[in-house]
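See below for the structure under consideration.
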Amino acid sequence: MIKLIASDLDGTLLQNGAQELDPVIFDQIRALAENGIRFVAASGRQYPNLRRLFAPVQDDISYIAENGSLCIHEGKTLSRGLIPRELGNRIVNAIHRCSGCECIISGEEVCYSDSRNEAFRDHMVHVVKNDMRFVDSISEIQEPFLKIAVCNFDGTKDCLAYFQELFSHEIKVVTSGNIWVDFIAPGSSKGNALQTLLDHLHIAPEDCVAFGDQYNDVEMLQLAGTSYAMSNAAPGISFYSTYVTDSVPEVLDDIISSVGI
């Protein structure tokens with residue numbers, strides 16, 4: 001019996017670079033809730049960004065943000081993952097040495113960047129629509145680092161290998177989109193955050209459905225009793241899922257029909 005559905009955003013619910021959700025998803029979330037099925041937005045995005053995207057139902061769903069560094073249910077933080085500052089500083093220095101790479105560091109309510117690249121700044125503020133704070137130096141950031149992300153508009157292939165060689169023995173380094181590489185706080189993942197939420201709600205993993213398309217989704221896909229990789233997912237992601245789909249809303253329609261809503 002399905003009791004909870006968790007879905008990634010970019011490349012999954014948001015296709016082809018879209019930055020706004022198809023309004024049909026809000027009606028589907030309401031229909032699922034009427035039958036006792038909880039919806040969870042599970043993303044590498046920041047929490048305020050996710051609440052904006054899901055504005056019509058923002059208080060009716062749960063959130064896994066920053067690739068699992070934050071798990072929030074009914075406004076309460078259930079888990080929080082942190083990157084040690086010394087490690088974070090070394091990662092940022094390596095990003096600065098990598099041509100074409102821009103860096104953001106996630107706090108709980110705002111993302112920081114010391115980038116002076118106007119195209120990147122515009123992308124983060126006006127396309128992704130993050131709550132951003134631009135600083136002259138990372139040393140100005142007082143709050144803990146939840147996640148570090150690298151943006152490379154030319155793609156992730158080369159820089160992913162570079163960062164994995166440098167840091168994979170200390171921290172998980174994964175793709176989270178076509179232009180993004182994320183450093184995930186030790187002990188954090190979408191899967192671990194989802195397990196925390198399931199425990200809080202007393203829901204078994206086999207009663208959970210998950211959707212994803214990148215390597216930051218693997219643990220969540222493995223945990224859920226039923227999982228779907230997107231047909232345009234990163235190579236190899238379907239290995240970790242039960243099924244492959246072209247459309248999350250189509251699967252949600254099938255679920256809604258099957259429970260007789």
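Considering amide H positions built from the backbone, and no H for Pro or chain starts, which residues 5 or more places from residue 210, or on another chain, come under 5 Å of its amide H?
Amide H neighbours of residue 210, under 5 Å, 5+ apart: 6, 226, 227, 228.
Please report the net charge: other residues with Cβ closer than 12 Å to the Cβ of residue 184, K and R +1, D and E -1.
So the environment of residue 184 carries a net charge of -2.
Once you keep just the Cα pairs under 8 angstrom separated by 6 or more residues, what percentage relative contact order results for the chain?
21 percent
Of all DSSP beta bridges located in the chain, what percent are antiparallel, nearest 5?
Bridges in the chain are about 55 percent antiparallel.
Hey, which lysines would be in cross-link range of residue 3, C-alpha to C-alpha under 22 Å, not counting anything within fewer than 8 residues on its own chain?
76, 190
State, as an integer percentage, the relative contact order of segment 3-62 based on alpha-carbon contacts under 8 Å between residues 6 or more apart.
Taking the mean separation of contacting Cα pairs over the length of segment 3-62, I get 41 percent.
Given a Förster distance of 51 angstrom, what is the FRET efficiency for residue 110 paired with residue 204, based on the Cβ-Cβ distance and rounded to 0.05?
0.90
Rounded to a whole number, what % of the accessible area of the chain do carbon and sulfur atoms account for, probe 1.4 Å?
47 percent
Determine the distance separating the Cα centre of segment 67-115 from the Cα centre of segment 5-64; give it in Å without decimals.
If you average the Cα positions of each part, the centres end up 22 Å apart.
Pick the calculated Rg and Dmax of the Cα atoms in Å for this structure from (i) 19.8, 70; (ii) 18.2, 63; (iii) 17.6, 56?
Here the calculated entry is (iii).
Once you've got the GNM for the chain with C-alpha springs shorter than 10 Å, pick whichever of 102, 66, 170 has the biggest mean-square fluctuation.
Sorting by GNM fluctuation, first place goes to 170.
Which order, highest average first, do 17-26, 181-190, 237-246 follow once you tally other Cβ atoms within 10 Å for each residue and take the mean per peptide?
Ranked by mean Cβ neighbours within 10 Å, highest first: 181-190, 237-246, 17-26.
Fully extended, how many nm does the chain gain between residue 253 and residue 35 (0.36 nm per residue separation, minus their Cα-Cα distance)?
My answer for the length gained is 77.1 nm.
The values are calculated or read from the model by the stated rules, or taken from the named source; none is laboratory data. Here the structure is a predicted model, which means the values were calculated and not measured. No Cβ is skipped: glycine too gets one built from the backbone with ideal geometry, and neighbour counts run over all protein chains shown. Protein only, heavy atoms only, side chains kept; ligands, DNA and RNA dropped before computing areas. Shrake-Rupley method; radii C 1.70, N 1.55, O 1.52, S 1.80 Å.
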